[in-house]
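**Q** Below you'll find the structure I mean.
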Amino acid sequence: MSTGGSLERERRQAYLLVAPAVLVLAGVALYPILAAIWLSLHRFILVFGERRFTGLDNYAFLLSDARFWAALGNTAYFTAVAVTVELLLAVPLALLLNRAFPGRGLLRASVLVPWAIPTVVSARLWAWMFNPEYGLINRLLPGNDINWLGAPGYALHAAILVDVWKTTPFVALLVLAGLQGISEDLYKAARVDGASAWRAFRSITLPLLKPALLLAVLFRSLDAFRVFDAIYVLTEGGPANTTETLSIYAYKTLMRSGDFGYGSALSVATFLCVVVLAAVWLKLLGREEGAR
Amino acid sequence: MGRRFDTLLALGLTVLALAMGLAGCKRSEESREAAGRTRLVFKYQPLWGPPGPFRELLARFERENPGVELVTEALPNASDLAHQFFLTSLEGGADDFDVLVADVVWVPEFARAGWIADLSEHFPPEQLRADFFPGPVDAVLVDGKTYAVPWYLDVGVLYYRKDLVPRAPRTYEELQRFAREAMAKAPGLQGYVWQGRQYEGLSCNVYEALWGHGGEALGAGGKVLLDAEPAREALGYLRGLVRSGVSPETVTGFSEEESRRVFQEGRAVFMRNWPYAWGEAQKPDSPIRGKVGIAPLPTKGGEPGWGTLGGWQLAVNAHVSPERRKLAARLIAHLTSPDANLVLALNYARNPPRPAVYDNPKLREAEPFIASLRQMVERARPRPVTPYYNLIADVLQSEFSAAVAGIRTPEDALKRAQEQVDHLTGVDE
């Protein structure tokens with residue numbers, strides 16, 4: 001028995017051993033994506049009882065669909081604002097959590113509570129708090145007459161607030177992990193050189209934190225771009241579709257209207273947006289890694 | 001040797017994983033016939049209330065049909081989610097349930113898709129017309145054939161504060177005048193709360209206003225027709241309520257519960273809602289207990305208004321075998337009998353779809369409120385009965401919302417709605 005043959009056999013055996021996992025993954029992850037792409041090339045509307053191949057017709061319609069562009073705009077705005085605010089809040093929070101003080105463990109655990117609550121539950125909670133007639137928010141605000149969930153302009157920002165409340169702790173945790181990777185010696189050296197705290201933050205903390213920040217932005221923006229549950233519970237996309245995101249539009253088209261062809265095209269479009277977004281961030285992240 | 005064993009093991013595991021999937025299918029097939037009785041599966045949403053009486057109703061069916069094993073399976077409580085469930089499972093040809101509940105607006109859609117069976121043989125349309133209220137019958141007949149049987153129903157009604165207004169308003173003008181007069185006397189009081197959030201409840205409010213202005217949503221040949229004068233008046237009226245301050249700006253974010261809470265706290269003169277709000281208003285700790293009246297919705301001309309019909313119907317899965325269909329029809333007959341109507345009314349406060357049940361002395365004595373709803377139930381109207389309903393509902397909600405929130409004028413909103421509806425239903429093609 002030659003060594004080469006045994007290696008060959010071992011390799012074959014390895015393939016066989018991972019085969020079940022690959023099969024399951026293909027079934028669970030790949031099949032739905034391919035099925036959605038395939039469906040999106042059809043005119044398949046339930047009540048018409050028809051299902052015929054129409055090629056790229058759905059995508060041609062999508063490009064001229066004002067509702068799609070509005071939903072894309074809402075989604076992009078939601079993602080950009082939510083992620084920016086989360087980052088701005090998370091960095092100071094992480095700096096605070098990085099310090100040694102009594103009860104730090106408890107605080108670290110408790111900031112994660114909003115993140116641990118299922119989104120649907122917390123969105124329902126916020127919906128009551130945003131209630132303009134008897135909700136907590138308007139009682140706390142002077143003038144208390146803001147129509148949070150019923151007025152265009154306010155509703156999307158209310159949803160952003162819920163998202164920020166929910167995921168800032170998660171971002172803070174990612175940043176905290178980055179902070180803990182920075183060696184204490186660097187700060188000691190900076191102190192010896194007479195650098196101020198601000199100078200140390202700008203010249204040491206921020207540059208070394210950059211990979212962690214980019215990673216947080218990557219995770220969060222991909223997540224925020226697919227936002228569905230929080231907004232669906234708060235407004236169902238209203239008023240007048242001003243809070244409708246791509247996921248909500250796709251869901252309504254697929255599951256409520258029974259327009260599987262166009263609904264799938266919308267899902268695929270969302271998927272492509274997320275892929276592009278991921279590619280951009282990963283490229284930035286890669287450059288960052290390479291530069292070091 | 002050992003290596004070959006490993007290879008075999010890996011292969012075996014793969015095969016096993018596949019086989020387990022197949023075996024799962026096989027097993028469920030076997031269990032269906034195992035007991036020597038026919039398994040009949042009933043998919044429904046849990047009824048809130050004591051489980052006993054309903055269980056007894058089901059048990060009675062089993063006693064009367066010894067060859068049948070009745071199985072109930074719960075659906076999600078939200079209509080949306082239930083619709084999604086049926087959309088995916090019936091489209092996939094599921095035959096693992098026989099009898100299903102359908103929301104009023106689903107029947108034409110499901111019938112057209114070929115998912116629910118024609119029941120005309122068991123429940124002839126003329127018979128339904130004779131036994132049930134007209135609205136619910138309209139909702140279950142598609143092209144003159146019976147596709148479902150009304151189970152229990154719901155209707156939009158007007159709640160008013162007996163202590164704040166002289167009587168229930170009959171016209172829209174009266175409603176606004178009464179509201180203003182009461183608001184003038186009590187600062188901080190709201191006039192009229194209803195459901196203005198972008199969702200199906202808003203559509204119900206809009207249809208009620210449409211009917212109250214003498215309009216119809218369906219034109220000749222079943223074409224959905226909204227770009228018409230009564231529809232513009234209806235949306236103009238709803239927007240006007242908000243603009244003039246009779247309804248708070250915030251109704252544009254209200255669904256049923258938000259409006260009920262404002263009304264229940266004693267902070268509004270009028271409310272449009274479903275009958276469920278009555279029970280809440282009469283609870284011992286309710287600030288408005290004993291101060292609330294209920295009436296048909298007002299109209300432009302002063303005749304009693306038409307409330308939107310809500311509620312559930314029973315239908316038979318068209319994918320099951322003819323024998324099981326026959327049994328399923330029998331179960332539906334049992335569950336929609338006058339007796340069953342009474343059980344649901346007395347124990348779960350569900351409105352019977354049969355006029356005769358409202359005259360039952362037991363109901364009058366035990367649930368006088370339900371008995372008093374008869375006039376409103378009689379005039380309950382279904383939303384446009386068309387297979388396209390779910391296809392277009394989404395467009396309508398968004399345009400109605402735009403008009404009510406003041407983003408577009410009613411004219412613009414309706415024109416846009418009509419264009420999109422025509423595009424979706426393809427009537428122009």
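**Q** Can you compute the charge dipole magnitude of region A:15-131 about its Cα centre, using +1 on each Lys and Arg Cβ and -1 on each Asp and Glu Cβ, nothing else charged? Give it in debye, rounded to the nearest 20.
**A** So the magnitude is around 320 debye.
**Q** Over all distinct alpha-carbon pairs, what is the Kirkwood Rh of region A:156-292 in angstrom?
**A** Here the Kirkwood hydrodynamic radius works out to 17.7 Å.
**Q** Mind checking which of A:Y77, A:V175, A:H157 is farthest towards the positive end of region A:49-194's charge dipole, using Cβ charges of +1 (Lys, Arg) and -1 (Asp, Glu) about the Cα centre?
**A** Of the listed residues, the answer is A:V175.
**Q** Once you put a point 7 Å from the Cα of A:K210 and another 7 Å from the Cα of A:W198, both along the Cβ direction, what distance in nm separates them?
**A** Each label point is offset 7 Å from its Cα along the Cβ direction, giving 2.2 nm.
**Q** Right, next: State the Cα centre-to-centre distance between region B:268-300 and region A:221-292 in whole Å.
**A** Computed from Cα coordinates, the inter-centre distance equals 42 Å.
**Q** Follow-up question, since we're still on this one. List the residues whose amide H sits under 5 Å from the amide H of B:S120, counting only those 5 or more places along or on another chain, with H placed 1.01 Å from N in the peptide plane.
**A** Close amide H contacts, sequence-distant or interchain: B:T146.
**Q** Taking chain B as a Gaussian network, Cα atoms linked when under 10 Å apart, which of B:A184, B:A340, B:A413 shows the biggest mean-square fluctuation?
**A** Between B:A184, B:A340, B:A413, it is B:A184 that shows the largest mean-square fluctuation.
**Q** Starting from the alpha-carbon convex hull of chain B, give the projected area averaged over all orientations, in nm².
**A** Its Cα hull, projected and averaged over all orientations, spans 27.6 nm².
**Q** Just from its helices, what would the mean residue ellipticity at 222 nm be for chain A, if runs of 4 or more DSSP H residues each count -39500 (n - 2.57) and the sum is divided by every residue, rounded to the nearest 500 deg cm²/dmol?
**A** For chain A, the value works out to -22500 deg cm²/dmol.
**Q** First compute the accessible area of region A:69-202 with a 1.4 Å probe, then give the percent of it belonging to carbon and sulfur atoms.
**A** 69
**Q** Over chain B, with a Gaussian network built from C-alpha contacts below 10 Å, which listed residue (B:V377, B:V140, B:V251) shows the highest mean-square fluctuation?
**A** Result for chain B, Cα springs under 10 Å: B:V251 fluctuates most.
**Q** Taking amide hydrogens as modeled 1.01 Å from N in the peptide plane, which residues meet the under 5 Å criterion relative to B:Q45, leaving out close sequence neighbours?
**A** HN-HN under 5 Å from B:Q45: B:L75.
**Q** Next question, about the same structure. So which helices of chain A fit the span-like rule, where a helix is a whole DSSP H run, its Cα atoms reach 30 Å or more along the axis, and its mean Kyte-Doolittle is at least 1.0?
**A** Taking the DSSP H segments of chain A (at least 30 Å long, mean hydropathy at least 1.0), we get A:66-98, A:154-180, A:260-291.
**Q** Would you please classify the overall shape of the protein assembly as shown from the alpha carbon gyration tensor, given that a ≥ b ≥ c denote the square roots of the eigenvalues, rounded means a/c under 1.5, and beyond that prolate means a/b larger than b/c while oblate covers the rest?
**A** oblate
**Q** Accessible area lost on pairing B with A, both sides, 1.4 Å probe, Å² to nearest 100?
**A** 3800
**Q** Rounded to the nearest 10 Å², what accessible area does B:L218 show when all protein chains are kept and the probe is 1.4 Å?
**A** Its heavy atoms expose roughly 60 Å² to the probe.
**Q** Still on this structure, I have one more. Mind giving me the nanometre distance, one decimal, between the label points for A:H157 and B:S337, set 7 Å out from Cα along Cα→Cβ?
**A** Label-label distance for A:H157 and B:S337, simple model: 6.1 nm.
**Q** Continuing with the same structure: For region A:235-246, take each phi angle, set θ = phi - 60°, evaluate the Karplus expression 6.51 cos²θ - 1.76 cosθ + 1.60, and give the result in whole Hz per residue in order, putting x for glycine and proline.
**A** 9, 6, x, x, x, 6, 6, 6, 10, 6, 9, 4
**Q** Sketch the reach of a paramagnetic label on B:Y276 as a point 7 Å from Cα along Cα-to-Cβ, and name the residues of region B:238-258 whose backbone nitrogen lies under 18 Å away.
**A** B:254-258
**Q** Follow-up. Return one number: the angle in degrees, 0 to 90 and rounded to the nearest 10, between the long axis of the Cα atoms of helix B:410-425 and the longest principal axis of the Cα atoms of chain B.
**A** For helix B:410-425, the angle is close to 20 degrees.
**Q** Please give the per residue volume of the convex hull enclosing the alpha carbon atoms of region A:1-115, rounded to a whole number of Å³.
**A** About 304 Å³ per residue, rounded to a whole number.
**Q** What is the angle, in °, between the Cα long axis of helix B:389-404 and the longest principal axis of the Cα atoms in chain B? Nearest 10 is fine, range 0 to 90.
**A** Approximately 30 degrees, to the nearest 10.
**Q** Would you please give the residues with an amide H less than 5 Å from that of B:V292, counting only those at least 5 places away or on a separate chain, with H modeled from the backbone geometry?
**A** Under 5 Å from the amide H of B:V292 lie the amide H atoms of B:K162, each far enough along the sequence or on another chain.
**Q** Need one word for region B:278-429: rounded, prolate or oblate. Basis is the Cα gyration tensor (sqrt eigenvalues a ≥ b ≥ c); a/c below 1.5 gives rounded, then a/b vs b/c decides.
**A** oblate
**Q** Given a Förster distance of 35 angstrom, what is the FRET efficiency for A:L56 paired with A:V280, based on the Cβ-Cβ distance and rounded to 0.05?
**A** 0.90
**Q** Can I ask one more? I'd like to know which of A:I37, A:V121, A:L107 lies farthest towards the positive end of the charge dipole of region A:37-148, counting +1 on Cβ of Lys and Arg and -1 on Cβ of Asp and Glu.
**A** Projecting each Cα onto the dipole axis, the largest value belongs to A:L107.
**Q** At 1.4 Å probe size, with the rest of the protein present, what percent of the exposed accessible area of region B:31-107 is carbon and sulfur atoms?
**A** 52
**Q** HN-Hα J couplings of region B:60-69 from phi, Karplus 6.51/-1.76/1.60, θ = phi - 60°, integer Hz, Gly and Pro as x?
**A** Ordered by residue, 3J(HN,Hα) equals 4, 5, 5, 5, 7, 10, x, x, 10, 9 Hz.
**Q** What accessible area per residue, rounded to a whole number of Å², is obtained for the protein assembly as shown using a probe radius of 1.4 Å?
**A** Accessible surface, normalised per residue, equals 45 Å².
**Q** On a full-extension model of 0.36 nm per residue, what is the gain between B:D95 and B:S286, subtracting their alpha-carbon distance, rounded to one decimal in nm?
**A** Fully extending the segment from B:D95 to B:S286 adds 64.1 nm.
**Q** Within 10 Å of each Cβ in A:146-153, how many Cβ atoms from other chains are there, averaged over the peptide?
**A** Across the residues of A:146-153, the mean count of other-chain Cβ atoms within 10 Å is 6.
**Q** Using r as the Cβ-Cβ distance of B:D422 and B:L189, and R0 as 56 Å, what FRET efficiency do you calculate, to the nearest 0.05?
**A** Approximately 0.85, to the nearest 0.05.
**Q** Work out from phi, with θ = phi - 60° and the Karplus expression 6.51 cos²θ - 1.76 cosθ + 1.60, the ³J(HN,Hα) of each residue of region B:338-355, listed in order in whole Hz, and give x for Gly and Pro.
**A** Coupling constants for region B:338-355: x, 4, 5, 3, 5, 4, 5, 6, 6, 9, 10, 6, 9, 6, x, x, 9, x Hz.
**Q** Given a Förster distance of 35 Å, report the FRET efficiency between A:W69 and B:E411 from their Cβ-Cβ distance, rounded to the nearest 0.05.
**A** 0.90
The values are calculated or read from the model by the stated rules, or taken from the named source; none is laboratory data. Source: prediction; values computed, not measured. Every residue, glycine as well, gets a Cβ built from its backbone with ideal geometry; the counts of neighbours run over all protein chains shown. When the accessible area is computed, the model is the full protein with side chains, heavy atoms only, and any ligands, DNA or RNA have been set aside. Shrake-Rupley method; radii C 1.70, N 1.55, O 1.52, S 1.80 Å.
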